Amino acid sequence: MQNTYNYVLFDLDGTITDPMEGITKSVQYALSKYGINVEDRRELTPFIGPPLQHSFRDFYGFTTEQANEACEKYHEYFLVKGIFENKVYEGMENFLQRLQESGRKLFVATSKPEPLARKILEHFGLISYFTFVGGDTMERSRSDKAKVISYVMETNGITSANDVIMIGDRKHDIIGAKSNNISSIGVLYGYGDYEELSQAGADFISKDLDELESLLNTKK
């Protein structure tokens, strides 16, 4: 029986923080530039997690060119206001502290542009818990979660896939983990549901931080 996973990768949106207000307001702002007015921002929560340009294409039928333009409109709001219309999930900082103190190395693997992810973690005083923060580029050249995970592992010289686990709330986190042959945990306190995470092939599914910590402390 092996030890617990030594390298723990975390999604950001919907896993470490709840960005619902900032993301949905930014999407709402971007869509309004195309004459699309969404009154109930809860309709826009599917944008939380997936690569942004994919969501504009998938949910509103934008062309690739339109989706890239919409991302620029999105950031007009997000960079000024939306980035900090966000909150850390209750108990998250203590949870991260305990994991770090256990000797494991923690990483962020997000489809959000890396500079913005770092800015958010710095704002909430969480960045010191992470060995490395990996994300997309501002030019959106690394938005696919599989690419982000690969980038985090390669940059940090992590070669043993059996020693790595990815934690996230959406199918993209699970699919990205499988593409890199690492284990995954889907969390239900974010924006994905049990069906989405199980169909994507999550190795484990956790309802809350207590259950997540128990899973991480269980021997493989």
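No value in this document is a laboratory result; all are computed from the given coordinates. If you're wondering where the values come from, they're calculated on a predicted model, not measured in any experiment. Cβ atoms come from the backbone with ideal geometry, glycine included; neighbour counts cover every protein chain shown.
General remarks:
- Degrees separating the helix 92-101 axis from the principal Cα axis of the chain, which is the longest one: 40 degrees
- Summing +1 for each Lys or Arg and -1 for each Asp or Glu among the other residues whose beta-carbon sits under 13 angstrom from that of Q100 gives 0.
- Inter-centroid distance (Cα atoms) of segment 1-50 relative to segment 147-191, Å: 17 Å
- Shape of segment 163-220 from the C-alpha gyration tensor: oblate (a/c of 1.5 or more and a/b not above b/c, with a ≥ b ≥ c the square roots of its eigenvalues).
- Among the GluC sites (Glu not before Pro) found in segment 131-220, those both in a DSSP coil and sparsely packed, with 12 or fewer other Cβ atoms within 10 Å of their Cβ, are E139.
- Using alpha-carbon coordinates, inclination of helix 145-155 to the longest axis of the chain, degrees: 50 degrees
- Which listed pairs, of K87/K207; K87/K171; K87/K178; K105/K207; K25/K105, have C-alpha distances above 26 Å, in listed order: K87/K178; K25/K105
- Look at the alpha carbon pairs under 8 Å that are at least 6 residues apart: their mean separation over the length of the chain gives a relative contact order of 25 percent.
- Distance distribution P(r), segment 1-69, all Cα-Cα pairs, bin width 5 angstrom from 0: 3, 15, 23, 21, 13, 8, 5, 5, 4, 3, 1, 0 percent.
- Cleavage-rule hits (trypsin sites (Lys or Arg not before Pro)) in segment 70-173: DSSP loop, at most 14 neighbouring Cβ within 10 angstrom: K81
- Cα long-axis angle, helix 114-123 against the chain (0 to 90 degrees, to the nearest 10): 70 degrees
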